[in-house]
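The values are calculated or read from the model by the stated rules, or taken from the named source; none is laboratory data. Keep in mind that what you see is a predicted model, and the values were worked out from it rather than measured. Cβ atoms come from the backbone with ideal geometry, glycine included; neighbour counts cover every protein chain shown. Surface accessibility is based on the protein's heavy atoms, side chains included, excluding ligands, DNA and RNA. Shrake-Rupley method; radii C 1.70, N 1.55, O 1.52, S 1.80 Å.
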Amino acid sequence: MFMPVGTAATVKGLTQDALEELGAGIILANTYHLYLRPGHELIRKLGGLHAFMAWRNAILTDSGGYQVFSLSELRKITDEGVRFRSHLDGSEHLLTPEKAAEIQLALGSDIAMVLDECIETPAPRDVAQAALKRTTDWARRARRYFLDSVSRNGNPQQWQFGIVQGATFADLRRESARQLLELDFPGYAVGGLAVGEPHEVTCEMAAEVTALLPKERPRYLMGVGRPEQLADYVARGIDMMDCVLPTRAARHACLYTSEGRVLIKNARYIEDQRPIDPNCKCSVCRRYTRAYLRHLFAAGEITAAILATHHNVRFYLDIMGQIREAITFGHLANFATELRARYVAGPA
Ligand SMILES: [Zn+2]
């Protein structure tokens, strides 16, 4: 499955109706953003995130850690947790493994992630090793908090996932996976990848980890990827992915098609009467031309982002459908090769 990113309880440019029409079975929401605004207690009071945003399908929430490390100011990491200042109003907060679990229980997401330590890459081995140790300690605390809450308040219909770290060191990745397996999570994520290292290295690390994780539990590679890479990750045992790329690129006039990327602001599309992607069956491609999309972007109309996002998300979800079909018929490797070839040959 591929999860469109709905940072602040909305996938930018798409209504929940549109997401349902596109067949999005699960979206990702960001704990950091929702904790700061409107606040997890308000969302709990209003019936949880599903009720608040009127979304029936599944929601995965991240732990907030990644955003604390990438967005907030004055962050200070200790064994207790990470202290930071809000990027919105400068207020000071402490995010601990317990707090991250508590916020996500209040949000009532279907899948909650444990707090992990995200490090800058490329990382020296000793830094990666220290972050791995802290990530395991934090995962243990988050698991204990979650299970205590379940035994006190009943099963909230939430799954808690652990996150494997270890940068680009294969042995550290294996060590992290083995330690998390002892905590018996219903699903496992692979974090800290696709952050600048070569695609081959991302694939290699993913393969190291999935070789150890149980096949019958979901394995989630966080923050990937480009359309032509999705099948590569699935071929290495990955079941779940999320990425801002289809939605963010759409807002920047970059459209993904079965023949490669279309940068729709380009002058060559001024009189182009074809749909964005002649092979796409989405409602945007059935109705509008490239020339019209180009005009909307040139004029700065918000409809431009809405239509482009609709198509791009459909394109990603279609690829996932094709991947599932390729698995069924046993030709995933061929499919991955063809997908990459089309992208290299396609229009820029
Ligand atoms: Zn389309």
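Return the residues of segment 199-220 that are out of contact with any Leu (no Cβ under 9 Å at 6 or more places or on another chain), part of a loop (DSSP other than H, G, I, E, B) and open to solvent by less than 40 Å² (accessible area, probe 1.4 Å); say none if nothing qualifies. Hit for segment 199-220 is P218, nothing else.
Taken over segment 70-98, the criterion of being in contact with a His (Cβ under 8 Å, 6 or more places away or on another chain), surrounded by 13 or more Cβ atoms within 10 Å (Cβ to Cβ) and either assigned to a strand (DSSP E or B) or modelled with pLDDT of 95 or more (or both) is satisfied by R83, F84, R85. Checking each residue in segment 172-198 for being assigned to a loop (DSSP other than H, G, I, E, B), open to solvent by less than 10 Å² (accessible area, probe 1.4 Å) and under 17 Å from A128 (Cα atoms) picks out G191, L193.
Within segment 141-154, can one find any residue that is of a type in the set (D, E, K, R) and in contact (Cβ under 8 Å) with a residue 12 or more places away in the chain?
Yes: segment 141-154 contains one or more residues that are of a type in the set (D, E, K, R) and in contact (Cβ under 8 Å) with a residue 12 or more places away in the chain.
When A128, A123, A101 are checked against the criterion of being within 21 Å of the chain's Cα centre (by Cα), open to solvent by less than 60 Å² (accessible area, probe 1.4 Å) and touching a residue at least 40 places away in the same chain (Cβ under 8 Å), A101 stands alone in meeting it. Screening segment 243-348 for helices (runs of 4 or more DSSP H) wholly inside it with 1 or more residues that are away from the ligand (no atom under 16 Å from the Cβ) and surrounded by 14 or more Cβ atoms within 10 Å (Cβ to Cβ) returns the ranges 245-251, 290-298, 302-328, 332-345. Report yes if S109 is open to solvent by less than 60 Å² (accessible area, probe 1.4 Å), in contact with a strand residue (DSSP E or B) (Cβ under 9 Å, 6 or more places away or on another chain) and farther than 29 Å from G39 by Cβ, otherwise no. No: the conditions fail for S109.
Scanning segment 221-241 for residues that are of a type in the set (D, E) and crowded, with 23+ Cβ neighbours inside 10 Å turns up just one, D232. The sole residue among A167, A231 that is of a type in the set (G, A, S), on the phi > 0 side of the Ramachandran plot and at pLDDT 95 or above is A167. A single entry from A18, A9 fulfils the requirement of being closer than 29 Å to I302 by Cβ, among the hydrophobic types (A, V, I, L, M, F, W, C), in contact (Cβ under 8 Å) with a residue 24 or more places away in the chain and part of a loop (DSSP other than H, G, I, E, B): A9. Taken together, the residues in segment 321-346 that are within 19 Å of D239 (Cα to Cα), in contact with a helix residue (DSSP H, G or I) (Cβ under 7 Å, 6 or more places away or on another chain) and not polar (S, T, N, Q) amount to 7. Restricting attention to segment 209-220, does a residue exist that is under 15 Å from the mean Cα position of the chain (by Cα) and of a type outside the set (F, W, Y)? Checked against the condition, which is being under 15 Å from the mean Cα position of the chain (by Cα) and of a type outside the set (F, W, Y), segment 209-220 yields at least one hit.
Taking each residue of segment 301-327 that is over 10 Å from R251 (Cα atoms) and of a type outside the set (D, E, K, R) and looking for partners that are within 14 Å of the ligand (Cβ to nearest atom) and open to solvent by 20 Å² or more (accessible area, probe 1.4 Å) with beta-carbon atoms closer than 6 Å, six or more apart or interchain, yields L317/G23. Return a yes/no flag: does segment 100-116 have any residue that is farther than 27 Å from V11 by Cβ and of a type outside the set (S, T, N, Q). Within segment 100-116, none of the residues are farther than 27 Å from V11 by Cβ and of a type outside the set (S, T, N, Q). For segment 21-32, a tally of residues being in a helix (DSSP H, G or I), touching a Leu at 6+ places or on another chain (Cβ under 9 Å) and open to solvent by 10 Å² or more (accessible area, probe 1.4 Å) returns 1.
H87 falls short on exactly one of the conditions (1) within 23 Å of the chain's Cα centre (by Cα); (2) over 28 Å from Q16 (Cα atoms), and that condition is (2).
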